[in-house]
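Peer 1: Take a look at this one; I'll ask things after.
The values are calculated or read from the model by the stated rules, or taken from the named source; none is laboratory data. Because the structure is a prediction, the values reported are computed rather than measured. We place every Cβ from the backbone using ideal geometry, glycine too, and count neighbours over all the protein chains shown.
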Amino acid sequence: MNRKTVKKFMAIGLSAAMALGMNATVFAADDSSDSVKGALEGVKLSFGTTALFAPFTYYDTDGTTLIGFDLDLMNALKDYLGFELDGEIQVMDYSALTTSLAEGKLDFGMAALCATDERKEVMDFTETYRDSGQVVMINKETSPAEITDIDTLVKGDYKIAVEKGTASHLYCTNNGVSDDRLEVHDTITTAYESLEQGKVDAVIQDGPNAYYYIKTTDGTKLEVVGDEFNQGQAPYAIAISRDCSGANDGIVDTFNQAIKDLTDDGTIDKLVTEWLE
């Protein structure tokens, strides 16, 4: 439901609106011009993530506490919009997460999810809240010296590890990398392990996660070569199931405005400083 509809509800009253056959799910935002603060009070939404993509969503050193940029942003949106989580946060790999969103088993998800054209066919997305390109990672001890960037990697006869269903996986399949050259993993963690052990020649991954892995992994043999590529093709956005959008008119617009508000008030900049710099 958009803000004009909310104001119409406020003007004619809930009972009268229901008598007119209007959707009874009301996002009761405060009465300022464009604010959506409190707009989802009383709404319960199920939420899913992966815990596989530091620094956006991953487990702390205790192995059980979910932390990261996306978790903090989700909580900031929850506090600002006033919705409640329906049950516990559901943690799963990327393939299961996107399937659950496509099938309406989750209301919304955040896990540095790229708003790809394929995903847009089966779920809704907010505007981008963070953008990323991909990078090539090699093993300094075992990878062929000829791999210096994405062009030499794709054009050569090299084995590449990617995480299933990610922008990196799609990049390879869309740019002529044959299946026999791809080692597809359910998690990026095992892809990194494969490269650390010299079982593959390279990994392609989103820049923020690749650099975070190198920065925080003691004794890693991995490094990034070449420039970031495929820029603008990994737009991180909040995925919202079509079932949720259908049951809550205007919820995508409401989330978009909340992201703008949290950008304008400096909340998102603080999260960027804390997690991504």
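Peer 1: Please count how many residues of segment 91-115 are closer than 24 Å to residue 212 by Cα and in contact with a strand residue (DSSP E or B) (Cβ under 8 Å, 6 or more places away or on another chain).
Peer 2: 13
Peer 1: Could you run through segment 246-261 and say how many residues are touching a strand residue (DSSP E or B) at 6+ places or on another chain (Cβ under 9 Å) and more than 12 Å from residue 125 (Cα to Cα)?
Peer 2: First pass over segment 246-261, keeping only residues touching a strand residue (DSSP E or B) at 6+ places or on another chain (Cβ under 9 Å): 248, 251-252, 255.
Going one step further and asking which of them are more than 12 Å from residue 125 (Cα to Cα), we end up with 248.
Total meeting the criteria: 1.
Peer 1: Name the residue, out of 142, 166, 116, 99, that is farther than 22 Å from residue 73 by Cβ, in contact (Cβ under 8 Å) with a residue 40 or more places away in the chain and among the β-branched types (Val, Ile, Thr).
Peer 2: Details: 166 fails: farther than 22 Å from residue 73 by Cβ; 116 fails: farther than 22 Å from residue 73 by Cβ; 99 fails: in contact (Cβ under 8 Å) with a residue 40 or more places away in the chain.
Result: 142 is the single residue among 142, 166, 116, 99 that is farther than 22 Å from residue 73 by Cβ, in contact (Cβ under 8 Å) with a residue 40 or more places away in the chain and among the β-branched types (Val, Ile, Thr).
Peer 1: Just the residues that are closer than 20 Å to residue 248 by Cα and in a strand (DSSP E or B), please, taken from segment 65-90.
Peer 2: 84, 85, listed by residue number.
Peer 1: Going by what's in this entry, would residue 173 be described as surrounded by fewer than 18 Cβ atoms within 10 Å (Cβ to Cβ), outside any loop (DSSP other than H, G, I, E, B) and at pLDDT 95 or above?
Peer 2: Numbers: surrounded by fewer than 18 Cβ atoms within 10 Å (Cβ to Cβ): yes; outside any loop (DSSP other than H, G, I, E, B): yes; at pLDDT 95 or above: no.
Considered against the rule, which asks whether it is surrounded by fewer than 18 Cβ atoms within 10 Å (Cβ to Cβ), outside any loop (DSSP other than H, G, I, E, B) and at pLDDT 95 or above, residue 173 comes out as no.
Quick grid of which residues meet (1) surrounded by 21 or more Cβ atoms within 10 Å (Cβ to Cβ); (2) out of contact with any Asp or Glu (no Cβ under 7 Å at 6 or more places or on another chain); (3) in contact (Cβ under 8 Å) with a residue 60 or more places away in the chain:
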| position | (1), (2), (3) |
| --- | --- |
| 228 | no, yes, yes |
| 231 | no, yes, yes |
| 234 | yes, no, yes |
| 264 | no, yes, no |
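Peer 1: If you go through segment 212-260 one residue at a time, how many are farther than 30 Å from residue 143 by Cβ and of a type in the set (D, E, K, R)? Give the derivation first.
Peer 2: Restricting attention to segment 212-260, the residues satisfying the condition of being farther than 30 Å from residue 143 by Cβ are 237-260.
Those still in the list that are of a type in the set (D, E, K, R) too: 242-243, 249, 253, 260.
So the count comes out to 5.
Peer 1: When segment 33-50 is examined, which residues are found to be in a loop (DSSP other than H, G, I, E, B) and surrounded by fewer than 22 Cβ atoms within 10 Å (Cβ to Cβ)?
Peer 2: Looking only at segment 33-50, we keep the residues that are in a loop (DSSP other than H, G, I, E, B), and these are 33-43, 46, 50.
Of everything in segment 33-50, those that are in a loop (DSSP other than H, G, I, E, B) and surrounded by fewer than 22 Cβ atoms within 10 Å (Cβ to Cβ) turn out to be 33, 34, 35, 37, 38, 41, 42, 43, 46.
Okay, residues lined up against (1) hydroxyl-bearing (Ser, Thr, Tyr); (2) modelled with pLDDT of 95 or more; (3) surrounded by 15 or more Cβ atoms within 10 Å (Cβ to Cβ); (4) touching a helix residue (DSSP H, G or I) at 6+ places or on another chain (Cβ under 8 Å):
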position: 11; (1), (2), (3), (4): no, no, no, no
position: 19; (1), (2), (3), (4): no, no, no, no
position: 28; (1), (2), (3), (4): no, no, yes, yes
position: 53; (1), (2), (3), (4): no, no, yes, yes
position: 69; (1), (2), (3), (4): no, yes, yes, yes
position: 75; (1), (2), (3), (4): no, yes, no, no
